[in-house]
Amino acid sequence: MLTDALRFLLNTVFALIVYSALLRFIMQWLRAPFRNPLGQAVAALTDWAVKPLRKVLPGFGGFDWASLFFAWLAQLLWLLSLAGLAAAPLSGSLAAALAALSVVELLKAALWILIIAVFLQALLSWVAPDGPLAGVLNALTFRFLAPIRRIVSPIGGVLDLSPLIVIVLAQLVLMLPVAWLEQAVGQLVR
């Protein structure tokens, strides 16, 4: 019972940190505005680690490498703490496998961020199209929706199916290549 409570706390704290750091990386990569409630929250949750890391890992090629490294490191610490909670003996091979699994988990998290952003944008486009999150959601989803919108026109000029198509494609990526990678790396952990 205590182990379940500790696992819950670890999952909650690390999920908040990992998703915030990864969202910061994605927002900067896609040039999403940070002057909104979501951007301000992401910055507040990650500044303490990202700003010092930028001295060692400066941005290059339009990517915020410090945010991505911090997300990976937090994901690795998350997996290591869960392995420690399960009393798994720590070895070099386990640490290497967990480091690889951290990359796969970040890929899964990025796909879930995309799915949630597309869903929220579609929902808010009907309810509050000019809300405070409209700009950031548009920036997070535009590169994924635009190619599909060029191929699939809105039905009757009104019903845009591109969000549904992006969500289905992201789910397929989660089910097939990402699940395969997760299983392959998981074999190394066992």
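The values are calculated or read from the model by the stated rules, or taken from the named source; none is laboratory data. The shown structure was predicted, so the numbers you read here are calculated from the model rather than taken from an experiment. Here the Cβ positions follow ideal geometry from the backbone for every residue, glycine too, while neighbour counts run over all protein chains shown. Only protein heavy atoms, including side chains, enter the accessible area calculation; ligands, DNA and RNA are left aside. Shrake-Rupley method; radii C 1.70, N 1.55, O 1.52, S 1.80 Å.
Structure summary
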| item | result |
| --- | --- |
| Rounded, prolate or oblate (a/c below 1.5 giving rounded, otherwise prolate when a/b exceeds b/c) for the range 64-131 by Cα gyration tensor | prolate |
| Loop-resident sites, the range 1-101, for chymotrypsin sites (Phe, Trp or Tyr not before Pro), counting at most 12 other Cβ within 10 Å (DSSP) | none |
| Gain on full stretching of the segment that runs from A44 to V152 - 0.36 nm per residue minus C-alpha separation | 35.0 nm |
| Residue with peak Gaussian network fluctuation, the chain [Cα springs, cutoff 10 Å], from L176, L73, L106 | L176 |
| On Cα atoms only, tilt of 2-29 relative to the major axis of the chain in degrees | 50 degrees |
| Cα coordinate range in the chain, projected on the principal axes (Å, largest first) | 60, 38, 37 |
| Fraction of accessible area attributable to carbon and sulfur, the chain (%, probe 1.4 Å) | 74 percent |
| Inter-label distance, nm, simple model (7 Å from Cα along the C-beta direction), V173/L77 | 2.8 nm |
| Accessible area expressed per residue, the chain, with surrounding protein chains retained (probe 1.4 Å, Å²) | 59 Å² |
| CD proxy at 222 nm, helix term only [per DSSP H run n ≥ 4: -39500 (n - 2.57); per residue of the chain; nearest 500] | -26000 deg cm²/dmol |
| Separation of the A86 and L181 label points, Cα + 7 Å toward Cβ, nm | 2.0 nm |
| Vicinal HN-Hα couplings computed from phi for the range 178-187 (Karplus, 6.51 cos²θ - 1.76 cosθ + 1.60; Hz; Gly/Pro x) | 5, 5, 5, 4, 4, 5, 5, 6, x, 5 |
